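Structure first, then comments.
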Amino acid sequence: MQKVEHHLVVQAHMREMPRVLEFITVNARKAGMDDRGVHHCQLAVDEVCANVMEHAYRDGRKHRPIYLTTSAQIGLLTIIVADEGPPFDPLTQPSPDPDTTFTRDKPGGWGIHLVRRVMDEVSYRYADGRNILTLYKEIPPD
């Protein structure tokens with residue numbers, strides 16, 4: 001199977017989430033992902049995009065873009081989520097401690113923990129004025 005890429009650009013607004021999730025679903029299925037894998041990809045991308053909308057573009061300008069790319073090759077689906085917010089590597093955040101997280105004044109940290117748990121690998125880089133989070137999900141053999 002030759003590597004096949006698909007691209008989508010949406011505005012950083014919650015009303016765009018159905019388009020984002022449909023894009024992920026269609027391309028994960030085309031790549032041969034099973035139901036469980038599709039669900040994991042949906043969860044991860046939903047969380048990442050929600051964080052971009054809430055934190056990267058906290059100035060409230062919802063017209064700012066979120067760039068999505070999927071690429072598939074034998075055994076692997078790669079999903080890239082990029083934004084033009086200030087540089088921020090979510091992978092540097094510590095995993096939450098379930099014994100203390102719910103008693104803190106400031107909740108948080110569970111989103112990237114979830115992403116790490118449902119995806120096989122996650123990487124971050126900042127390039128050309130964009131935060132680029134890359135999610136990898138293995139495609140199980142038939």
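The values are calculated or read from the model by the stated rules, or taken from the named source; none is laboratory data. Being a predicted model, the structure only gives us computed values, none of them experimental. Neighbour counts run over all protein chains shown; Cβ positions are idealised from the backbone, glycine included.
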Cβ-Cβ under 9 Å, sequence separation 6+ or interchain: first residue in the stretch 22-37 and of a type in the set (Asp, Glu), partner exposed (fewer than 13 other Cβ atoms within 10 Å of the Cβ). Which pairs?
Asp34/Pro140
For residues that are crowded, with 17+ Cβ neighbours inside 10 Å and of a type in the set (D, E, K, R), scanning just the stretch 48-89, find the one that is farthest from the chain's Cα centre (by Cα).
Arg64
Meets criteria (touching a Lys or Arg at 6+ places or on another chain (Cβ under 7 Å) and modelled with pLDDT of 95 or more) for Ile139
no
Kindly indicate whether any position in the stretch 2-14 is under 14 Å from the mean Cα position of the chain (by Cα) and over 23 Å from Pro87 (Cα atoms).
no
